[in-house]
1. Quick one: what are the phi-derived ³J(HN,Hα) couplings along region 470-483, Karplus 6.51/-1.76/1.60 with θ = phi - 60°, whole Hz, x for glycine and proline?
2. Length gain on complete extension for the stretch Asp142 to Ile543, per 0.36 nm per residue less the alpha carbon to alpha carbon distance?
3. Distance check, please: which entries in Lys333/Lys432; Lys215/Lys473; Lys258/Lys482; Lys323/Lys482 exceed 31 angstrom between their Cα atoms?
4. Compute the accessible area per residue over region 131-278, keeping the other protein chains in place, probe 1.4 Å, unit Å².
5. Over the heavy atoms of Met503, what accessible area does a 1.4 Å probe trace out, to the nearest 10 Å²?
6. Got a number for the accessible area of Glu402? Probe 1.4 Å, square angstrom, nearest 10.
7. First compute the accessible area of region 157-271 with a 1.4 Å probe, then give the percent of it belonging to carbon and sulfur atoms.
8. Based on the mean of other beta carbon atoms within 10 Å per residue, what is the order of 274-286, 130-142, 340-352, most packed first?
Amino acid sequence: MSNTYYISTSHQIHTKPMLPSTMQNLQRLITSNLGDKTLTMHPLPKRHQFVINPLLRTYSFKINSSSRVQPTTTTHAVHQTKGSLHEYEESARPIVNYDPNSWGDRFMNYTPDDEITQAIRKEEAERLKAKVKEQLLAAHSDQLQWLSYVSTLELLGVAYHFNNEIDEGLLHSYKNYNSWDEEENLHHISLGFRLLRQHGFHVPTDIFKKFKDEKGCFKESLTADAEGILALFEASYVRMHGENILEEACNFTTTCLKSMVTQANYPLAIRVNHALKHPLHRFFSRLDHKHYILVYETNPLHDKALLKFAKLDFNMVQALHRKELNDLTSWWKGKNLATTLPFARDRMVELYCFFALTFSEPQYSALRVALAKANATLTMIDDIYDGYGTIEELELFTEALERWDKSFINQLPNYMRSIYTSHLDVYEEVEKVLAKEGRSNCIEHTREATSSQQRDGMLSTIITYTKHFNVSKEEAIEELCKQVDDFWKDLNQEMLQPNVVRMPIITCLVRLARSVEITWRDGYDPLLVVHQCYKDDIEKVFIEPFPI
């Protein structure tokens with residue numbers, strides 16, 4: 001007899017992040033509790049995996065046996081055999097009590113400024129934008145100073161206005177980076193190296209050899225150069241496999257910055273502390289835009305036109321985000337899924353913010369909305385598999401997802417019907433959006449990269465790892481962090497030309513990987529428990545504008 005059992009990897013009782021080795025370990029752990037029975041892992045149908053979803057992965061496990069299988073602490077979500085189905089149904093609905101929706105109708109009550117106010121604001125932004133563009137073009141006379149200005153534009157969140165000018169300038173800088181051989185400014189060289197690498201240009205690490213002493217160590221005199229150390233620290237995170245000098249740079253600068261943070265004055269201490277917690281390449285997001293605008297304002301040499309433009313642009317983009325959230329939450333409430341499936345997570349706001357943090361620019365509006373809708377339905381589907389559906393129901397649901405046919409709806413239990421039709425409708429909408437924007441392939445390649453970065457259930461992963469490999473907690477954390485670091489090295493390698501055609505795909509992967517790093521940065525899952533710090537982030541970015 002062959003029965004299929006389902007296990008979801010979205011909760012803390014399961015192993016995450018879903019690194020390949022971790023998935024194999026989970027399979028071994030389950031198998032070890034089945035005696036001489038055999039277990040085979042099967043990914044659910046591709047349609048159900050919903051390749052755009054970076055948050056969830058559900059697998060089915062087929063156990064070739066007619067005997068009962070008692071669940072273990074490692075396999076809470078594996079159902080018992082059909083012989084005990086009725087007892088299981090009553091005791092297992094629902095398994096988890098999730099936090100309720102934290103926001104109520106707050107985002108549905110958004111009222112935009114009147115059209116006259118919006119027009120005045122837009123006109124002022126265009127005037128300031130022209131001034132900033134003039135300064136960007138004028139800075140070309142000094143290559144490294146120009147790169148520094150571009151970095152400032154990126155940190156303030158306004159670089160997207162000047163993509164063509166920046167792309168042309170970076171190509172020119174790449175063709176002439178050999179001229180940096182005579183440059184001794186660690187800050188300029190490190191900053192230029194990071195920018196060019198992040199934009200797909202393969203600058204070799206040899207340019208840092210000049211900053212080493214005769215013993216092969218970074219010169220002690222560099223520790224007095226706070227700006228240089230900060231820039232080198234950020235540059236070290238674009239490293240690839242085998243780039244030992246950047247590994248050394250990361251260790252050297254991390255030690256320096258940890259010492260510096262206790263001695264530096266404001267605002268340098270704020271910048272150093274922020275960098276140590278959130279290296280730019282791995283964490284840069286809409287949150288950083290607001291942070292760096294505030295930091296830039298404290299600089300007595302700041303450009304007033306640029307600062308005002310950055311604040312004005314932040315507020316205008318925030319207004320767009322608020323409108324999208326208003327539309328999304330209204331659409332979601334109209335679907336009535338939170339009432340139909342009261343056992344499932346209602347996380348539309350958190351899911352939208354997950355994508356909006358790194359796909360914040362106006363041109364990604366349709367993509368943000370489509371991804372939020374898709375992942376909101378998938379989160380509920382995951383909860384059906386994880387703790388509510390019975391074996392028979394899940395078998396039917398899986399068949400329905402395989403068929404991808406609305407006419408199959410009458411075969412499903414009543415509670416599954418609305419989420420099934422919503423899921424199909426949303427998927428069709430997403431496909432149209434992605435096809436229109438030329439991003440279908442980007443999403444296809446996203447799932448594997450982002451799921452290996454997920455932090456939810458990290459504690460469970462560590463516990464499982466320590467037991468299976470008989471290592472300490474510290475050793476388990478070190479190994480898991482190494483695997484995350486290796487993932488980023490792989491991604492950094494993929495970023496480099498001549499993969500010009502694939503650059504939009506890689507950019508998409510980088511942004512989604514950053515979203516995961518940001519969202520799970522403190523080791524908890526905001527889709528399970530919405531902690532106050534995540535609520536605070538949403539307030540800062542999506543609710544509180546800059547006073548102008």
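1. Listing the rounded values in order: 6, 10, 6, 4, 5, 5, 5, 4, 4, 5, 5, 5, 5, 5 Hz.
2. Using 0.36 nm per residue and subtracting the Cα-Cα distance, I get 140.4 nm.
3. Working: Lys333/Lys432 23 Å; Lys215/Lys473 35 Å; Lys258/Lys482 21 Å; Lys323/Lys482 40 Å.
Beyond 31 Å: Lys215/Lys473; Lys323/Lys482.
4. Numbers: 6910 Å² over 148 residues.
Accessible area per residue: 47 Å².
5. About 40 Å², ignoring ligands and nucleic acids.
6. Roll a 1.4 Å probe over it and Glu402 shows about 110 Å².
7. Details: 2580 of 5450 Å².
That fraction is 47 percent.
8. Working: 274-286: 20.1, 130-142: 14.0, 340-352: 22.1.
My ranking of the peptides, most packed first, is 340-352, 274-286, 130-142.
The values are calculated or read from the model by the stated rules, or taken from the named source; none is laboratory data. Computed from a predicted model, the values in this text were never measured in an experiment. With ideal geometry, Cβ positions are generated from the backbone for all residues, glycine too; neighbour counts draw on all protein chains shown. Accessible surface is based on the protein model in full, side chains and every heavy atom, while ligands, DNA and RNA are left aside. Shrake-Rupley method; radii C 1.70, N 1.55, O 1.52, S 1.80 Å.
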